[in-house]
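Accompanying notes for the structure given below.
The values are calculated or read from the model by the stated rules, or taken from the named source; none is laboratory data. Quantities reported herein were computed from a predicted structural model and do not represent experimental measurements. No Cβ is skipped: glycine too gets one built from the backbone with ideal geometry, and neighbour counts run over all protein chains shown.
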Amino acid sequence: MAKMYKQARQRGAVLLVGLIILMVAMAAGLTALFSQRMGDARKEAITAAALAQAKAALLGWAWRQGDGTTSNTPVARPGELPCPDLRPLSDPYIGTASASCPPAALGRLPWKTLGLPDLRDGSGERLWYARSVRFRNQARLTPPAGPLNPDTAFGQITVRLSDRMGFLHRAASPAENGTGAVAVIIAPGAPIRRNNNLQQNRTAANYLTEAHYLDCWGTAGCNVEDNANFVNDDANNGFIMGPIRIKDRDVVNDRIVTISRDEILSGMVKRVAGDVAQAVESYFLGASSGRIPAPAAITNDGCLGAGDVSATCLADLGLPGSVPFGRIPSAPSKSPVWNADSVFLKGASTYWFQQNAWREFVFYAVAPACAGEVVGCVGSLAVNNPPAAAVGGKRAVIIVSGAALPAAGQQRLTNAHKRNENNYLEDQNSSAQDSVFARRPASPATSFNDAVATVPRLP
């Protein structure tokens, strides 16, 4: 009996030891799995932060162009994006946008040009970047190039979703018929074996070889989408977002963020509204001795189109209604003309406002007491400014239209369409005669995308 009891105790001890070993092993496995997942989450967070920082910097850079600090020929204009960095790893100016690049260029993010630190993703890799052809610095007046404004600033890059079943952005030709991305920023992630069986090898010699950093997907190799090879303005040849895993294998680990048309336009129209308001205010405070220029008539076709500085979009002292309302004129009715350093009077070679047809999109209301370009008038126009209270006492209100909103019935195909402010403006901004205007965040869902500035300036 004692012997049997001893054997039972020994067997129990063995089982206990085995159970302890199993528990320790399971704990170690769970700890390793948890640590791996924590490490993966940390890498994803680093990647997401780098992509967000790069996107914000690109947008800020685009919105500042044409502010007089650049010397591009043609002159830089709001909305333009830089060339990628196409410099080899040995170049001392690495991180700087290349001076010239192909129209449809894919390369490294020019982090120095954008005023960024040397951004890396969670795997320690530098970012890549591509931009739509329309957003490069180019001559405006020679087809197929053209102006960059709310009616032309369409993205041209197709981006597929990681589920391989749909598109986040899809380009079309002409671009006006598509929803293409303006730009893409790519975090390449760790090297993998591409779907065409190429093992990515990131040596200094391969630093600019796209396929060693960017991935692809297809039913046979890279036959559906290859991030290393995109075509501008193509509905089926752009980029695909990661992650994509098939049978526990990373097929695409590129992380992509995009800049959409609405995102870049929102800052462009605000920038133009601010520049115009500053020019009008400078005129009022400067040589005009306290005059607010009269608007030009909305029906004046001389205010439409792009080209050199025009004298045909003249201020009109005879506009109907209690609140003079129209487009920003090329010249006031009374002397003097616009300030020589205003956005309206730059030389023809550097005149982005006129060359890009912004006058079509800038509407302008003047307080009744300021009608006739009288001296020292008192403002009475008001702007609803939610969530803040309405702000009154304005001598002039400048409204810059965003893109046409089909849901609101807006179209701008003909000069007849362009003579109707309802094809540009929304809410209280399309009914100027009540002296009250609206400023609020742009939202396609609420059919509102006007940018508003005033004289004196809004807070």
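Matching residues to (1) within 22 Å of GLY60 (Cβ to Cβ); (2) without any contact (Cβ under 8 Å) to a residue 40 or more places away in the chain; (3) of a type in the set (Lys, Arg):
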position: VAL75; (1), (2), (3): yes, no, no
position: GLY79; (1), (2), (3): yes, no, no
position: PRO88; (1), (2), (3): no, no, no
position: ASP91; (1), (2), (3): no, yes, no
position: TRP111; (1), (2), (3): yes, no, no
position: GLY115; (1), (2), (3): yes, no, no
position: ALA139; (1), (2), (3): no, no, no
Report summary line: The strands (runs of 3 or more DSSP E) lying wholly within region 293-406 that contain at least 3 residues that are of a type in the set (A, V, I, L, M) and under 28 Å from TRP63 (Cβ atoms) are 362-366, 381-384, 396-400
Query raised in the report: So which of ASN422, ASN429 ends up being in a helix (DSSP H, G or I) and surrounded by 20 or more Cβ atoms within 10 Å (Cβ to Cβ)?
Result: ASN429
Requested in this report: Find all pairs meeting these conditions: Cβ atoms under 6 angstrom apart; at least six residues apart or on different chains; first residue within region 416-438 and on the phi > 0 side of the Ramachandran plot; second residue surrounded by 15 or more Cβ atoms within 10 Å (Cβ to Cβ) and in a loop (DSSP other than H, G, I, E, B).
Outcome: SER435/VAL323
Requested in this report: Among the candidates ALA404, ALA331, single out the residue that is outside the structural domain of GLN65 (by TED's automatic domain parsing) and within 15 Å of ALA311 (Cα to Cα).
Outcome: ALA331
Requested in this report: Inspect all residues belonging to region 194-215 and state whether any of them is free of Cβ contacts under 8 Å to residues at least 40 places away in the same chain, of a type in the set (D, E, K, R) and surrounded by fewer than 17 Cβ atoms within 10 Å (Cβ to Cβ).
Outcome: no
Query raised in the report: Residue check: is SER162 under 14 Å from ASP234 (Cα atoms), of a type in the set (Gly, Ala, Ser), modelled with pLDDT under 95 and surrounded by fewer than 22 Cβ atoms within 10 Å (Cβ to Cβ)?
Result: no
Query raised in the report: Residues LEU345, LEU317: which one is more than 14 Å from CYS303 (Cβ to Cβ), surrounded by fewer than 18 Cβ atoms within 10 Å (Cβ to Cβ) and touching a Phe, Trp or Tyr at 6+ places or on another chain (Cβ under 6 Å)?
Result: LEU345
Report summary line: Checked region 197-216 for anything out of contact with any Lys or Arg (no Cβ under 8 Å at 6 or more places or on another chain) and not in a loop (DSSP other than H, G, I, E, B); matches are ALA204, ALA205, ASN206, GLU210
Query raised in the report: In this structure, does ASP254 turn out to be in the same structural domain as PRO102 (by TED's automatic domain parsing), under 22 Å from the mean Cα position of the chain (by Cα) and surrounded by fewer than 21 Cβ atoms within 10 Å (Cβ to Cβ)?
Result: no
**Report entry** Residue selected from region 217-257 under the condition part of a strand (DSSP E or B) and aromatic (Phe, Trp, Tyr), by the criterion nearest to ALA45 (Cα to Cα)
**Finding:** PHE239
Query raised in the report: Given the structure, is VAL231 within 24 Å of TRP111 (Cα to Cα), among the hydrophobic types (A, V, I, L, M, F, W, C) and assigned by TED's automatic domain parsing to the domain that holds ALA97?
Result: yes
Report task. Tell me which of these GLN354 doesn't satisfy, since it passes every other one: (1) closer than 21 Å to ALA297 by Cβ; (2) over 31 Å from the mean Cα position of the chain (by Cα). Result -> (2)
